Amino acid sequence: MQAGPHTIDRVTLNPDAQAVEAPPPPSGRARRWLVQYPRAIPMAIFLAIAAITALSVFAIESNARARERAQMREYAQEVAAALDRSSSGFSSYLRAGAALFSSVDEVQPDTFDDFVRALKLNTELSGAEGIGWIPVIEARDLPAFMAQTRARQPGFPDIYPRPAASTGRIAPVTMFAPASQRNRRALGYDMYSDPARAAAMAEAELRLGPAASGRIVLTQETSGTGPAFAIYMPAFRLGDGDDRQLAGFVYTPFRAREFLDAAINRGAPSVFGARLYDGEASTGHLLVAHSINDAASETVEQEVTIADRKLLLVIESANMQVLSPLSMVTLSFGLALASLLMLLARLLTQQAYEDQARLVFFEEQHSIRNSLTRELNHRVKNTLANVLSILSLTRRRTHSLEEFADSLEGRIRALSATHDLLTVTDWGTTPIRAVIEAEVQHFRSALDDTIVLDGPELELAPNDALSFGLAVHELATNAAKYGALSVAGGQVTICWQRCDDPVSDMAWAEVEWQEIGGPPVAGERRRGFGTELIEKIVAHELRQPVTLDFASAGVRCVLRVPVRRPTDFRIREKDADRRARVA
């Protein structure tokens, strides 16, 4: 059975650990979403819960508004009923007075006073000024009326406004109760002088029943200037036959503010305000207003009929700037829950992301181990092949066991020095200068400055560094035996530069080995092991041509070493970077 990568990783990382049951991970699709959208998923959860909370708050507030409107409608009906009761009660008084005054030939002060005492008026709780009697006379009969009235009521004032000569009928206020100082100012006032009052009296005469006036101001009848209205009830006397003759009107004036105050339920919520209009809701028709401090957000209209006249009652509520307590609790709980779920989702996404990173890391580790194993096998085989080649060529080119051992030892040491250098660099890229210095170090320490190095910083791959180091060792050994390093005054110059091929997108380091001041190079010479090693093994390993010139002035060798991209031979460096990112 082939084990999966996750099983291999767990066994490799913790071979002695006992099996511990872990919580089940998220499903594959959910985990992919959590990994792909680590910030979007928590935010989506937060927004979803916040939207649900907002809908809940909206529903609660809608219910609260509906409940408030229901309360306002109920309150409006209560106030309208109270207004109707108050007006209906005084209309009944006026009907009774009209019936009484219609049955007598002339209304005397005693008759009027007895009628008022029988009513037991309580004007303080109704907003009414009282009850008055208004006889209707012709303008030509005014002098006789004034003489007769003043005989019964000493000190009766003149009629005002003074009637014009063309005036037909006059309706002066003759009696009014309660007889307070304020109410006495109404005596003598001609009701027909005001169009609003005259229209209401004409309507009452036509309907044979109570009729309310429009908006009036009781400037003549009271000391106040606030809006008011009056209810008039006609009184008729029977003439010859069945003809009716208008004798006058029984009327009651109402102060609009007191009339509304009397009807308002004192126990109603203080957030409600009330406005009473004569007809439509406009500023010119406003009778009285009990407004609230804030701008009204909700209004309810209720029609009220006062003595067959349509009034409009408007109930308004304050513009509440804050949510209801239940909405505040719901909003706070919803936001807290949304924040908590967002935090949990964020933790889950972070955990899923870390788990995914660990899985990727473990898979890469498994791949790295396989790559390292293959690389190790490859490098060991290359090293052994190099050793076998060196051994074979050295055996063919030596004549004694001692010479064989010395040559073989030096070359093996060269390989070892380069291996040590690669080990220090963790088999990553190795500077070309470090490879050269490792191979010629013991020559430079013995011969001072006879070896000169010059070139830019370039990095070599591990296998290329091994082959190049072996070539430098052979050149240095040959120079020490037969060339510039074998005599005083000799010098070796090693220069290199970077070359790029734009066509093949390849780069290499061109290294030039030049010996100066050494013994003349013989024209006839036998090919040694170093020559074959450089021309065959090194050239084959580097896959680049090698130029080896044995000029009489000194040996010159040009090597071309590939400068490769740091890919496969930097596996361990990648692994270290990945570990740092995961940590």
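Within the range 230-239, at least one residue is modelled with pLDDT under 85 and surrounded by fewer than 15 Cβ atoms within 10 Å (Cβ to Cβ). Assessment of the range 132-151 against the conditions (in a loop (DSSP other than H, G, I, E, B), surrounded by 13 or more Cβ atoms within 10 Å (Cβ to Cβ), in contact (Cβ under 8 Å) with a residue 24 or more places away in the chain and of a type in the set (A, V, I, L, M)) yields at least one matching residue.
Residues in the range 53-98 that are closer than 30 Å to residue 245 by Cβ, touching a residue at least 24 places away in the same chain (Cβ under 8 Å) and not polar (S, T, N, Q): 7 in all.
For the range 191-228, filtering for residues that are modelled with pLDDT of 85 or more, touching a strand residue (DSSP E or B) at 6+ places or on another chain (Cβ under 6 Å) and either buried (at least 23 other Cβ atoms within 10 Å of the Cβ) or polar (S, T, N, Q) (or both) leaves 9. Selection within the range 302-333: residues that are at pLDDT below 90 and among the acidic types (Asp, Glu). The member of this set that is farthest from residue 50 (Cα to Cα) is 308.
For the range 481-509, taking the residues that are assigned to a strand (DSSP E or B) and surrounded by fewer than 16 Cβ atoms within 10 Å (Cβ to Cβ), the one that is farthest from the chain's Cα centre (by Cα) is identified as 495. For the range 435-458, the candidate set comprises residues that are surrounded by fewer than 18 Cβ atoms within 10 Å (Cβ to Cβ), at pLDDT 80 or above and not in a loop (DSSP other than H, G, I, E, B); within that set, the residue that is farthest from the chain's Cα centre (by Cα) is 452. The set of residues in the range 56-77 that are over 33 Å from the mean Cα position of the chain (by Cα) and among the hydrophobic types (A, V, I, L, M, F, W, C) comprises 70, 72, 76. Considering every residue within the range 369-389, establish whether at least one is more than 30 Å from residue 456 (Cα to Cα), part of a helix (DSSP H, G or I), aliphatic (A, V, I, L, M) and at pLDDT 75 or above. No: zero hits. Taken together, the residues in the range 393-402 that are modelled with pLDDT under 70 and either under 60 Å from the mean Cα position of the chain (by Cα) or in a helix (DSSP H, G or I) (or both) amount to 5.
Of the residues in the range 90-103, not one is surrounded by 13 or more Cβ atoms within 10 Å (Cβ to Cβ) and under 48 Å from the mean Cα position of the chain (by Cα).
Here is the figure for the range 418-434: residues that are surrounded by 17 or more Cβ atoms within 10 Å (Cβ to Cβ), part of a helix (DSSP H, G or I) and either modelled with pLDDT under 70 or over 60 Å from the mean Cα position of the chain (by Cα) (or both) total 4. Scanning the range 152-174 for residues that are among the hydrophobic types (A, V, I, L, M, F, W, C) and surrounded by 13 or more Cβ atoms within 10 Å (Cβ to Cβ), we see that the one that is farthest from residue 192 (Cα to Cα) is 156. Among the residues of the range 240-272, how many are buried (at least 18 other Cβ atoms within 10 Å of the Cβ) and either at pLDDT 85 or above or under 25 Å from residue 189 (Cβ atoms) (or both)? Residues that pass the stated criteria total 15.
The values are calculated or read from the model by the stated rules, or taken from the named source; none is laboratory data. Remember, it's a predicted structure, so these values are computed and weren't measured experimentally. Virtual Cβ from ideal backbone geometry, glycine too; neighbours counted across all protein chains shown.
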